[in-house]
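Okay, so here's the structure we're looking at.
The values are calculated or read from the model by the stated rules, or taken from the named source; none is laboratory data. For clarity, every value in this text was computed on a predicted model and none was experimentally measured. FYI the Cβ positions are ideal-geometry reconstructions off the backbone, even for glycines, and counts take in every protein chain you see. For accessibility, only protein heavy atoms count, side chains too; no ligands or nucleic acids. Shrake-Rupley method; radii C 1.70, N 1.55, O 1.52, S 1.80 Å.
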Amino acid sequence: MHIRKEFFRFVIPSMLAFALSGIYAIADGFFVGNALGDDALAAVNIAFPLTAFLQAVGTGVGMGGAIEYAINAGNQNENRGKQYMGMAIILLGGFSIFFTALFLLAGPQILGLFGASGEILEYSSEYLRFVSYGAVFQIAGTGLVPFIRNMGGAVTAMAAMVTGFITNIVLDYLFVWVLPWGMMGAAIATAIGQAMTFLVCLVFFVLKKHAPSFRFDGDGGYLASRILSVGLSPFGLTYSPNITLILLNKSAVIFGGNLAVTCYAPISYISSVVMLLMQGVSDGSQPLISLAYGEGKHHTIKAVRNLAYRFAFGVAAVCSIVLFLLRDSAAYLFGASEQVAVLVAQILPIFIIGFVFVSVSRVTTAYFYATGKNLWAYLLIYGEPLTLCVLLLILPNAMGSVNGTWISVPLSQIIAMLFSLFLIRKNSIHEKSNLSE
């Protein structure tokens, strides 16, 4: 009962926080889609992988440092944990500067590679430019949240995301519908919302007096490499839906034109929230698993992992049923035309099929990186988009239509789930062998 209570104390706020981070894009899509039409809706969808990349970098570095912080807390090595926190902050600052410059200089060219052209390219370039001005808040805000969660502040982490989300909604309405500033207004609203999340995180550390250590005793290089090697898994887990988004936008343009890209926009928004809910389950359980791993409590690790499996599967099943029932009206929320809404209602069930399979692979991946099994986590995270890429090269051409693009997604998710079950089985055999010795 104690494990179950702790599990939900960490997981529920984590789910809400991750879901809200996904709703940032949905909010922008809702306001610009209703204000400017289908091209603006598609533009936010094409630009979102780059804005999400900033959040994924923050999540990866933050989770890498926070996992090591939690493991050292379990080992009663408080000073080492503070050193990991200090190095993570330095890395967050460095990445903020680098990606701000990169996106400002090369943003339009990257969007062109993603398939944007004409008015969609103009809209998406404008959106990305103003988001880039607030890149430091996107990276730092999402990077500090995992530390708060691992310090027992799961509710505060959720409050930080809620504050940013509410700010974004209010400013989206003001900047897009009232002023109106169009794509620029939506981007500025997103940047200010992330700044509010960062501010709440900063207040938490000041009030709780959780000070990092910037004295690394000559181990700075090791600490940085350790954070990045561990963080590569949560980075990939956070960003993998956006790799899917990039690949599908490109394939949709080739086999279905701009109409297919516009149809995929509402589907991607909806799917991203479901994926983030399941990531909330997996990452919410991470502090408990990492702490138990540091303490050597193998029974607790297994109990938390199995509870995460059951809960994530339930969340995926409920989301699938609700979205299937609402499929006819889903696209209208984003101001889509009737033609787009009808096509979305036909396509959405194909994507719904994959949700329950993702619930298994997401939890398995988080379990592996929370316990230091980074190689297996890498294989799961980066194997899924690689599988999708292969399927996209085969199925649309074989079927001669954009339907092959859509079907590739659940097939890649099924393959990822089967592979995750294989690795879990292999890990169990390995653990039993070690115990018998």
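Does Asp39 fit the bill of being assigned to a helix (DSSP H, G or I), within 19 Å of the chain's Cα centre (by Cα) and modelled with pLDDT under 95? Here the answer is no, as Asp39 does not meet what is asked. Between a first residue in the stretch 335-358 that is on the phi > 0 side of the Ramachandran plot and a second residue that is at pLDDT below 95 and assigned to a helix (DSSP H, G or I), which pairs have beta carbons less than 7 Å apart while being 6 or more apart in sequence or on different chains? Pairs that qualify, where the first residue is on the phi > 0 side of the Ramachandran plot and the partner is at pLDDT below 95 and assigned to a helix (DSSP H, G or I), are Gly335/Gly33; Gly335/Asn34; Gly335/Leu41. Number of residues in the stretch 76-90 that are open to solvent by 10 Å² or more (accessible area, probe 1.4 Å) and part of a helix (DSSP H, G or I) equals 7.
Of the listed requirements (1) open to solvent by less than 70 Å² (accessible area, probe 1.4 Å); (2) among the charged types (D, E, K, R); (3) at pLDDT below 90; (4) farther than 16 Å from Tyr369 by Cβ, Arg327 misses just one: (3).
If you go through the stretch 391-403 and keep only what is open to solvent by 40 Å² or more (accessible area, probe 1.4 Å) and either under 16 Å from Val360 (Cα atoms) or in contact with a Pro (Cβ under 9 Å, 6 or more places away or on another chain) (or both), you end up with just Asn403. Among the residues of the stretch 175-192, is there at least one that is over 30 Å from Tyr69 (Cα atoms), in contact (Cβ under 8 Å) with a residue 60 or more places away in the chain and β-branched (Val, Ile, Thr)? For the stretch 175-192, residues over 30 Å from Tyr69 (Cα atoms), in contact (Cβ under 8 Å) with a residue 60 or more places away in the chain and β-branched (Val, Ile, Thr): present.
When Phe355 is tested against (1) in contact with a helix residue (DSSP H, G or I) (Cβ under 6 Å, 6 or more places away or on another chain); (2) open to solvent by 20 Å² or more (accessible area, probe 1.4 Å), exactly one condition is not met: (2). Just so you know, in the stretch 1-14 the residues that are open to solvent by 20 Å² or more (accessible area, probe 1.4 Å) and at pLDDT 80 or above include one that is nearest to the chain's Cα centre (by Cα), and it is Ile12. Would you say Leu144 is modelled with pLDDT of 90 or more and under 16 Å from the mean Cα position of the chain (by Cα)? Yes. A single entry from Val57, Val32, Val61 fulfils the requirement of being closer than 30 Å to Val340 by Cβ, among the β-branched types (Val, Ile, Thr) and either open to solvent by less than 30 Å² (accessible area, probe 1.4 Å) or not in a loop (DSSP other than H, G, I, E, B) (or both): Val32.
Every condition in (1) aromatic (Phe, Trp, Tyr); (2) within 23 Å of the chain's Cα centre (by Cα); (3) open to solvent by 40 Å² or more (accessible area, probe 1.4 Å) is met by Trp406 except one, and the failing one is (3). Put simply, of Ala345, Ala366, Ala370 the only residue that is open to solvent by 10 Å² or more (accessible area, probe 1.4 Å), modelled with pLDDT under 95 and not basic (Lys, Arg) is Ala345.
Of everything in the stretch 195-243 that's assigned to a helix (DSSP H, G or I) and of a type in the set (Phe, Trp, Tyr), which residue is surrounded by the fewest Cβ atoms within 10 Å (Cβ to Cβ)? Even if it seems obvious, please write down each step before you answer.
So the first thing to find is which residues in the stretch 195-243 are assigned to a helix (DSSP H, G or I), and the list is 195-208, 220-243.
Narrowing the set further to residues that are of a type in the set (Phe, Trp, Tyr) leaves 198, 204-205, 222, 235, 239.
Working: Phe198: 25, Phe204: 20, Phe205: 18, Tyr222: 11, Phe235: 23, Tyr239: 22.
Result: Tyr222.
Go through (1) surrounded by 13 or more Cβ atoms within 10 Å (Cβ to Cβ); (2) within 21 Å of Val356 (Cβ to Cβ) for Arg425 and report which single condition fails. The failed condition is (1).
Taking the criterion of being among the aliphatic types (A, V, I, L, M) and crowded, with 23+ Cβ neighbours inside 10 Å, the residues of the stretch 64-75 that qualify are Ala66, Ile67, Ala70, Ile71. The residues of the stretch 375-390 that are touching a residue at least 24 places away in the same chain (Cβ under 8 Å) and either at positive phi or open to solvent by 20 Å² or more (accessible area, probe 1.4 Å) (or both), listed by number, are Trp376, Tyr378, Leu379, Tyr382, Gly383, Glu384, Thr387, Cys389.
Collect the residues in the stretch 154-194 that are among the hydroxyl-bearing types (Ser, Thr, Tyr), open to solvent by 10 Å² or more (accessible area, probe 1.4 Å) and within 24 Å of the chain's Cα centre (by Cα), keeping them in residue-number order. Quick ask: steps written out before the conclusion?
Step one: list which residues in the stretch 154-194 are among the hydroxyl-bearing types (Ser, Thr, Tyr), which gives 156, 163, 167, 173, 190.
Narrowing further to those that are open to solvent by 10 Å² or more (accessible area, probe 1.4 Å): 156, 163, 167, 173.
Residues satisfying the conditions are Thr156, Thr163, Thr167.
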